[in-house]
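Engineer: Have a look at the structure that comes next, please.
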Amino acid sequence: MTDVDDPARGPDAVSGAQGDPDQDDTGPAGTARPGLMRRWWRGLDRALMRLHRRIQASARIIVIIYGVALGCVGLMDLYRGLDLGAKGDGFLLLVSSVVIAGGGGTARRSGLMPVWRRRAHIATDLGMFAVSAWIVFRIQSNFVVQLVLVITATVIVSATLLALILAYGDVRDRRQLSAGRVPSQTVPDEAQAKSTVTAGRVGAGGTLLAAVVALLPFWFTAHYTPSHDFPVVQVAGSIETVERHDDHAELTVDITIENKGNTPVTLLTSLYEITGTDITYSPKGKPLEDLPYGDITGRVYGSAARVNPYNHFPDPVQIQVGPAADDYAWFGPDEEVKTTLIVKAPLFPLYRITVDADVARADRVQVEDRPTSTRGFTACGDMEITEDRRPLIHKGLFDRLTESDREAVTYWVVKGPKEYGDISPWWAPYPWNGASIQHAGHGCDHPFRPSDKDGLEETAMVGRASSVGEAGLPPKP
């Protein structure tokens, strides 16, 4: 008599893939043993089922606690998130909490039929796995070794593994389902309950679909389009007038920074510089092969660089330098800051103004008011710099748990080796400015020698705009 014919063991005692995974894999005498991979898989299956049976009682309580914790985080962000993205994350966490904690609590009801308890368990496991996988993706896309991120990653990875074990065991365990099979004619209330649940699902699905259709245009207009528009900033520096006096010249300089895009921007840092250049005029010119093309094909060049066979331009002399506007200034669409300067300068045949500005999306770079370092000259390796570090604001509790602590760093380099300055005869090598979005904890030289490709600046949409303007000295009256 085979095991199947043993009435004491019942129909669920069938060996092999459809029976108890604890049963032996060996077949009847004279039959070949299964292959290595199949034996390995059956051994793993038995181990998982044993683990499932041992931990499921306490694991169900952990699942409910996990769902409640997700709901608390989601509720906090739904009401206190700083933007629509943070509130959207809170809404998703709140829905996940209802599925996980609600399903887990429903499955613990004593009067629930086994078949419905099993389905509630599977729905809870799948919901827990889905939200945990989403959170793991959020963390790994921007993971650094920081205490909060390490703790969050440990909890979420553990929850994901727990959900996988529970889901595997619930799907494989058919005994509970078969024990709960009762002929439908003996329990008419079950059919009525199924109809009520089905009607509720259809109604809820229709309501949700209508809400999505109604909210989609609003979401696209108010969130998606603005959050994916790149900042468009126009920088202009011009020398409007040059008045010649006996021993000096007086320049009227206009500097304008204007937001030409559809989204607000943050001006991270800016720098203007006014220089004077002598010109040596040679009416005979130079042969074509002797022209200094290398001067305009170097690492740093722009519209002020030129090759002229009749003129020679020595290195520029710095006259005046300063910020074009306040760091971290906020510009809405079509807003601008304009500065007019009166500059007294030595007599030069040619005057030049350059303006450089680093900007970012205002909604993606929101900094705290307090700087983590005071402005002042400091040695950074073989350079002398002044920098300002400000922490980026976390937009919600979920963001704080899944995103690293980041900071915006703005700096001016005022002295250093030639290779760090502009290798060009058209610009004074120092000072020069820049901005960086980076994880907190880096040294002062990280913006100059970045050791990671974290994509934070691309995410923040950091950009740079520049302008050059020139004017000549008028002749003597």
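The values are calculated or read from the model by the stated rules, or taken from the named source; none is laboratory data. Keep in mind the model is a prediction, meaning the values are calculated, not measured. A quick note on method: Cβ atoms are made from the backbone with ideal geometry, for glycine too, and the neighbour counts reach across all protein chains shown. We work out accessible area using only protein heavy atoms, side chains counted, and drop any ligands, DNA or RNA first. Shrake-Rupley method; radii C 1.70, N 1.55, O 1.52, S 1.80 Å.
Engineer: Treating only the Cβ of Lys, Arg, Asp and Glu as charged (+1, +1, -1, -1), what charge dipole size does segment 399-467 show about its Cα centre? Round to the nearest 20 debye. Can you show the working numbers first?
Structural biologist: Values: 7 positive and 11 negative charges, 66 e Å.
Result for segment 399-467 is approximately 320 debye, rounded to the nearest 20.
Engineer: Loop only per DSSP, at most 13 neighbouring Cβ atoms within 10 Å: give me the trypsin sites (Lys or Arg not before Pro) in segment 400-477, ordered by residue number.
Structural biologist: Lys453
Engineer: Taking R0 as 22 Å, what FRET efficiency do you get between His248 and Tyr281 from their Cβ-Cβ distance, rounded to the nearest 0.05?
Structural biologist: On the way: r = 22 Å, r/R0 = 1.02.
According to the calculation, E is roughly 0.45.
Engineer: Check Asp405: other-chain or 5+ apart residues with amide H under 5 Å from its amide H, H built from backbone geometry?
Structural biologist: Distant-sequence amide H within range of Asp405: Ala440.
Engineer: Could you check the simple spin-label distance between Val157 and Leu36, using points 7 Å along Cα→Cβ, in nm with one decimal?
Structural biologist: Spacing of the two 7 Å Cα→Cβ label points: 2.9 nm.
Engineer: What FRET efficiency do you get for Ala130 and Asp405 if R0 is 22 Å and r is their Cβ-Cβ distance, rounded to the nearest 0.05? If you can, show how the numbers build up before the last one.
Structural biologist: Working: r = 28 Å, r/R0 = 1.26.
Efficiency computed from Cβ-Cβ geometry: 0.20.
Engineer: What FRET efficiency comes out for Arg449 versus Ala57 if R0 is 41 angstrom and r is the Cβ-Cβ distance? Round to the nearest 0.05.
Structural biologist: Details: r = 55 Å, r/R0 = 1.33.
With R0 = 41 Å, the Cβ-Cβ based efficiency is 0.15.
Engineer: So how far apart, in nm, are the two label points at Ser238 and Asp326 if each is 7 Å from Cα heading toward Cβ?
Structural biologist: 2.7 nm
Engineer: Could you sort Ser58, Ser238 by their accessible area in this structure, using a 1.4 Å probe and putting the largest first? Intermediate results must be reported in sequence, preceding the final value.
Structural biologist: On the way: Ser58 65, Ser238 40 Å².
Ranked list, largest accessible area first: Ser58, Ser238.
Engineer: Shape call for segment 326-439 from the C-alpha gyration tensor, a ≥ b ≥ c root eigenvalues: rounded (a/c under 1.5), prolate (a/b greater than b/c) or oblate? Let's see the in-between values first.
Structural biologist: Details: a/c = 2.69, a/b = 1.58, b/c = 1.70.
Here segment 326-439 falls in the oblate category.
Engineer: How many nm is it between the label spots at Ala440 and Asp229, if each spot is 7 Å from the Cα in line with the beta carbon?
Structural biologist: Distance between the two pseudo-spin positions: 3.2 nm.
Engineer: Roughly how much of Arg389 is accessible, in Å² to the nearest 10, using a 1.4 Å probe?
Structural biologist: Roughly 20 Å² of Arg389 is accessible to a 1.4 Å probe.
Engineer: At 1.4 Å probe size, with every protein chain present, just tell me what the per residue accessible area of segment 342-477 comes to in Å².
Structural biologist: On the way: 6240 Å² over 136 residues.
Each residue of segment 342-477 exposes 46 Å² on average to a 1.4 Å probe.
Engineer: Restricting attention to segment 265-369, which trypsin sites (Lys or Arg not before Pro) occupy a DSSP loop and are surrounded by at most 16 other Cβ atoms within 10 Å?
Structural biologist: Working: sites: Lys284, Arg299, Arg306, Lys338, Lys344, Arg352, Arg361, Arg364; in loops: Lys284, Arg299, Arg306, Arg364.
Counting only loop positions with at most 16 other Cβ atoms within 10 Å, the trypsin sites (Lys or Arg not before Pro) in segment 265-369 are Lys284, Arg299, Arg306.
Engineer: Which shape class, rounded, prolate or oblate, goes with segment 234-314 when its Cα gyration tensor gives a ≥ b ≥ c as root eigenvalues, a/c under 1.5 marks rounded, and past that a/b bigger than b/c marks prolate? Spell out each step's value before the answer.
Structural biologist: Working: a/c = 3.24, a/b = 1.47, b/c = 2.21.
In terms of gyration-tensor shape, oblate.
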